[in-house]
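Data block below; observations after.
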Amino acid sequence: MNDHSYEVSVHWTGDRGTGTSGHRDYGREHVVSAAGKPDVPGSADPTFRGDRDRWNPEELVLAALSQCHMLSYLHVAVTSGFTVVAYEDRAAAGLDLHRDGSGELTGAVLRPVVTIREADRVEDARAAHAEANRLCFIARSVAFPVHHEPEIVVLGADASVGTAG
């Protein structure tokens with residue numbers, strides 16, 4: 001039994017008049033929708049004849065990981081008693097392709113820069129990433145490792161206090 005459920009719709013908009021009559025004859029454009037939310041324009045990665053101006057599935061998985069980690073981290077900060085005043089992430093993921101046309105995401109690296117208020121809580125803020133990863137629904141659901149390279153900044157300090165993590 002599921003405690004929560006989610007529904008999205010994906011509508012292909014890439015028919016150029018001949019359907020999938022050939023690999024170059026159709027567009028990869030589609031729209032991802034959910035009730036009451038703005039549509040997300042989707043496509044394939046440009047490598048696979050997609051539109052670079054639209055979100056591809058690999059980017060959406062990485063965005064979900066980054067969002068989930070951030071939300072879990074903010075929760076851990078509150079329960080641990082330190083104050084986050086800014087959070088930004090520059091995440092990356094790798095994709096391996098196989099000769100048979102299959103492939104998979106093989107790993108992700110999240111690089112959050114977290115600004116906290118308390119200078120004496122830097123190590124707690126760094127350690128909170130492990131707990132956030134443990135709590136993150138998406139990280140727990142993917143079949144590849146999710147690594148973290150956090151940087152902790154103290155509000156008002158001249159420089160960051162380290163990037164190891």
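Scan the strands (runs of 3 or more DSSP E) fully inside segment 1-115 and keep the ones with 3 or more residues being touching a Gly at 6+ places or on another chain (Cβ under 8 Å). Spell out how you get there, then give the answer.
Details: elements: 9-12, 30-33, 40-42, 84-89, 92-97, 103-110.
Result: 30-33, 92-97, 103-110.
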Query - Which listed residue, of ALA86, ALA77, is touching a residue at least 40 places away in the same chain (Cβ under 8 Å), touching a strand residue (DSSP E or B) at 6+ places or on another chain (Cβ under 6 Å) and exposed (fewer than 13 other Cβ atoms within 10 Å of the Cβ) - result: ALA86
Query raised in the report: Quick one: what pairs do we get from segment 1-12, first residue surrounded by 10 or more Cβ atoms within 10 Å (Cβ to Cβ), second polar (S, T, N, Q), C-beta under 9 Å, 6+ apart or different chains?
Result: VAL8/SER33; SER9/SER33; VAL10/SER33; HIS11/SER33
**Report entry** Scope segment 107-129; condition aliphatic (A, V, I, L, M) and free of Cβ contacts under 8 Å to residues at least 12 places away in the same chain; matching residues
**Finding:** ALA127
**Report entry** Evaluation of ARG99 against (1) open to solvent by less than 40 Å² (accessible area, probe 1.4 Å); (2) among the basic types (Lys, Arg); (3) out of contact with any Phe, Trp or Tyr (no Cβ under 9 Å at 6 or more places or on another chain) (one fails), failing number
**Finding:** (1)
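The values are calculated or read from the model by the stated rules, or taken from the named source; none is laboratory data. Every value quoted in this text rests on a predicted model; they were computed, and no experiment measured them. Note: ideal-geometry Cβ built from the backbone for every residue, glycine included; neighbour counts use all protein chains shown. Surface accessibility is based on the protein's heavy atoms, side chains included, excluding ligands, DNA and RNA. Shrake-Rupley method; radii C 1.70, N 1.55, O 1.52, S 1.80 Å.
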